[in-house]
Structure formats: structure tokens, C-alpha cells
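Okay, so here's the structure we're looking at.
Computed from the coordinates by the stated procedures, all read-outs in this text should not be read as laboratory data. Quantities reported herein were computed from a predicted structural model and do not represent experimental measurements. Every residue, glycine as well, gets a Cβ built from its backbone with ideal geometry; the counts of neighbours run over all protein chains shown.
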């Protein structure tokens, strides 16, 4: 074979290889988009960042939410302390007495705690303690007042229940409710619109009726206003419902 024939054969072979290479690209020459779709990068886990802390004070901070179910108090929120590496220490006080304590989660800074409450008025305070060299002993993160009525009050309904919830204001308990019920049942049957020809009016039979305006402008229709006035009257004149009932039974009026 001559030199010209050899060159012609080599040229044909190279041309064939180039055509095959263009028709079948290798994975190395695949588009970048295809490679990135085949191996997506993992989604990073969200990071909970604490509230910024003043480096000059390094004092703790936080917040609190309150929820009550019957006599159980639920407290939850978030608490931060730059020096509490195991989580900020949170305490719950009831009328200045410690009733619950917990640590906030070191990563999420969230906490939750419960406490049992008895009858009466409760002044609740939530404090995040200072674990380091801060300028305060702790951060007051929440405060609320909760009132839990005595169980005997649930035995009364309607206007009588309103009166029962007010007795504690005057230092009266369950023993004074029974004579009060008898007293105002005889006087007005606990009816806000009860009227006597003498001019007496309302649940306590105020004489005249507009005396009750001192307890509220809605004295003609509001049971709460009438009862507020009536209990105040009993307290000032007789000292207690039982004493007022004793006068009613002996004199026919009070």
C-alpha cells in the first residue's frame, strides 16, 4: 500500500472515532446540573439561638406563659443564662414560697413545669436564676395572680353563686352563706327587679333603691352591683349575715 493510501485510511478511522465520541458523551462530560441533582446536599438542622445577652452584665433572661387546669398550674416558656451550660435554672414561687423548679433545655432553652394550688389567692412569680457573675440574682420572667374559689361555692348557682364568691372579701366563709340565702330569699327571692311598695328594691331590698348607685350605675339591673352593695351594708350595720338574719327573724326586717 502506498503512502497516500495509508494516510487516507488513518483519516477515515479518526473521523469515525470522533463521530462516536460526539454521539455518546462520557459521564465525565455530563452537564454540571445533572451531577448536582443526583447528590443533593443534606438539609442542616435548625439551630435555636439564645436571646442576646449583655456581655457587661451576663444576666439571665426569659419569658413565661401560664395555664390552669382545675387546681394545677402549668408554666412554660424559654430561659437563657450565658453561664448555665446545662440549661438555665427556673423557679416558680407562690406567695413567695418555692413550689416548683426545673432546668431549661440547654439547646432549645425551653422549659415546662407544673404546680398544685390550693384554695385562695395565689401571687405567682417565675424567676430564672443567675448561674454566673451577673449583676442580678435572677430575672423575673413572668407574674400572674390566680384565684381558686373554695369548693363549697360550687354548690350555689346564679345570683347566689355571685354572693358566695364575694364573702371572702369580708372574712366570711361557708357558715355565713346559709343565713344570707335565707335572708335574701325572704326579702326578694334573689330577684334583681323585686320591688316593695315601701320603695325597697332589688336583691337586698335597699330602701330607697337608688342607694345602690354607690356601688354602680347599673344598680337597677345588675345582680353583682346589688349584691356588692348589700354585703357592704350587712358588714357595716350587722357585722355578718348571721347577725342580719337574727335581726330579720326577731324584727321582721333588717
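With neighbour counts taken as other beta-carbon atoms within 10 Å, the residues 218, 81, 94, 210 rank, fewest first, as 210, 218, 94, 81. Between residue 155 and residue 98, 0.36 nm times their residue separation minus their Cα-Cα distance comes to what? Result: 17.3 nm gained on full extension.
Once Rg and the Kirkwood radius are both taken over the C-alpha atoms of the stretch 61-148, their ratio Rg/Rh works out to 0.98.
Taking 30 Å as R0, compute the FRET efficiency from the Cβ-Cβ separation of residue 125 and residue 169 and round it to 0.05.
0.80
Distance from the C-alpha centroid of the stretch 65-105 to that of the stretch 132-206: 31 Å, rounded to the whole angstrom.
Each peptide among 85-93, 170-178, 119-127 gets the average number of other Cβ atoms lying within 10 Å of its residues, and from highest to lowest they stand as 85-93, 119-127, 170-178. Across the stretch 131-248, Cα-Cα pairs farther apart than 24 Å form 33% of the total. With a cut-off of 20 Å on the backbone N, the residues of the stretch 75-101 near the modelled label site 7 Å out from residue 137 along Cα-Cβ are 80-84, 88-101. By the count of neighbouring beta-carbon atoms within 10 Å, fewest first, 236, 248 end up ordered 236, 248. The mean sequence distance of close C-alpha pairs (under 8 Å, at least 6 residues apart), as a share of the length of the stretch 61-148, puts its relative contact order at 31 percent.
Based on other C-beta atoms within 10 Å, arrange 105, 141 from fewest to most.
105, 141
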